[in-house]
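Visitor: Okay, handing you the structure first.
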Amino acid sequence: MNVVDIRYKLADAINRVAYAGERIVLERRGKGVAALVSIDDLALLEELENQADIRAARKALKEKGGITLDEYKKKHAHESPISAHHQAVGGKAAGPAAGQRSPARRGSPGRLAP
């Protein structure tokens, strides 16, 4: 569904997602830019992401040369948080380069009050 069309058909699109279980891809200039999914689909997606994060954490724990968070804190306790971060990123400015967007954060979307 085109982004322009959604403005006029939002109530219908929400009903199709919520009650018929459809997934609606919103497009801009023919390219998918977002999706409307049911709460159940969102919960499933978040659970899959959590499982992937757990697998990655377990794999990282098995790697040689790694240290725990407590060990890192003890090692860098004397440094200010900003200088520690600056050193961790190799002395480079953190974040996206000028003119680039930050990647979207995973997690629960913001809620709008009724």
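Where a number appears in this text, it was derived from the coordinates with a stated rule and is not lab data. Just so you know, these numbers come straight off a predicted model, no measurement behind them. No Cβ is skipped: glycine too gets one built from the backbone with ideal geometry, and neighbour counts run over all protein chains shown.
Visitor: How much length, in nm to one decimal, is gained on full extension between GLU22 and LEU10, taken as 0.36 nm per residue of separation minus their Cα-Cα distance?
Guide: Fully extending the segment from GLU22 to LEU10 adds 3.0 nm.
Visitor: Which lysines have a Cα less than 27 Å from the Cα of LYS9, not counting those fewer than 8 places away in the same chain?
Guide: LYS9 reaches LYS31.
Visitor: May I ask you to list the lysines whose Cα is less than 27 Å away from that of LYS59, ignoring any residue fewer than eight positions away on the same chain?
Guide: LYS73, LYS74, LYS75
Visitor: Can you list residues from other chains, or at least 5 along the same chain, whose modelled amide H is less than 5 Å from the amide H of ALA35?
Guide: Those lying under 5 Å, H to H, from ALA35 are LEU26.
Visitor: Related question: Mind running the shape call on the range 3-88? Use the C-alpha gyration tensor, a ≥ b ≥ c as the square roots of the eigenvalues: rounded below 1.5 for a/c, prolate if a/b tops b/c, oblate otherwise.
Guide: Note, shape of the range 3-88 comes out prolate.
Visitor: Non-local amide H neighbours of GLU22 (under 5 Å, H modeled in plane, Pro and chain starts lacking H): which ones?
Guide: Amide H neighbours of GLU22, under 5 Å, 5+ apart: VAL17.
Visitor: While we're looking at this one, here's another question. What is the order of GLU46, GLU71, fewest Cβ neighbours within 10 Å to most?
Guide: Arranged by neighbour count, lowest to highest, GLU46, GLU71 become GLU71, GLU46.
Visitor: What is the packing order of peptides 22-33, 51-62, taking the mean over residues of other C-beta atoms within 10 Å and listing the highest first?
Guide: In descending order of packing, they fall as 22-33, 51-62.
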